[in-house]
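Below is one structure, written out as structure tokens; the observations come after it.
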Amino acid sequence: MVTRQGDVATHNRLVAEAAPKLAHCEAVMLANFSTSTALGMVEQALGHKVLGAPEAAVAALKHRLGFDR
């Protein structure tokens, strides 16, 4: 795996290059924390907002703890 070898740039590039295959989807979420590092590149490739696991996890935790009120 590219990220295990420490090559985050190549990992992110590969994720972004695969993103156009998801252009037909109404919503895209990078569900693995490691793929979330490519979020900006994927958003650029798709031309719209992409959801990321870290942000979703923090939002869910804030909600459960009552910090979103």
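Things worth noting here:
- The residues of segment 38-69 that are closer than 22 Å to residue 9 by Cβ, open to solvent by 100 Å² or more (accessible area, probe 1.4 Å) and charged (D, E, K, R) amount to a single one, 55.
- Top-ranked residue of segment 46-55 - restricted to ones that are within 15 Å of residue 20 (Cβ to Cβ) and outside any helix (DSSP H, G or I), ranked as farthest from the chain's Cα centre (by Cα): 47
- Test: residue 8 is within 10 Å of the chain's Cα centre (by Cα) and open to solvent by less than 70 Å² (accessible area, probe 1.4 Å): no
- Which numbered condition residue 35 fails, given (1) modelled with pLDDT of 95 or more; (2) open to solvent by less than 40 Å² (accessible area, probe 1.4 Å): (1)
- The residue pairs whose first member lies in segment 19-30 and is outside any loop (DSSP other than H, G, I, E, B), whose second member is open to solvent by 70 Å² or more (accessible area, probe 1.4 Å), and whose beta carbons are closer than 9 Å, counting only pairs six or more residues apart or on different chains, are 19/41; 19/44; 29/51; 30/37; 30/51.
- Condition check for residue 43 on (1) in a helix (DSSP H, G or I); (2) out of contact with any Lys or Arg (no Cβ under 7 Å at 6 or more places or on another chain); (3) of a type in the set (D, E, K, R): one failure, at (2).
The values are calculated or read from the model by the stated rules, or taken from the named source; none is laboratory data. These numbers were taken from a predicted model, which means no experiment stands behind them. So basically every Cβ, Gly included, is an ideal-geometry build from the backbone, and we count neighbours across all protein chains shown. Please note that ligands, DNA and RNA were not included when accessible areas were found on the heavy atoms of the full protein model with its side chains. Shrake-Rupley method; radii C 1.70, N 1.55, O 1.52, S 1.80 Å.
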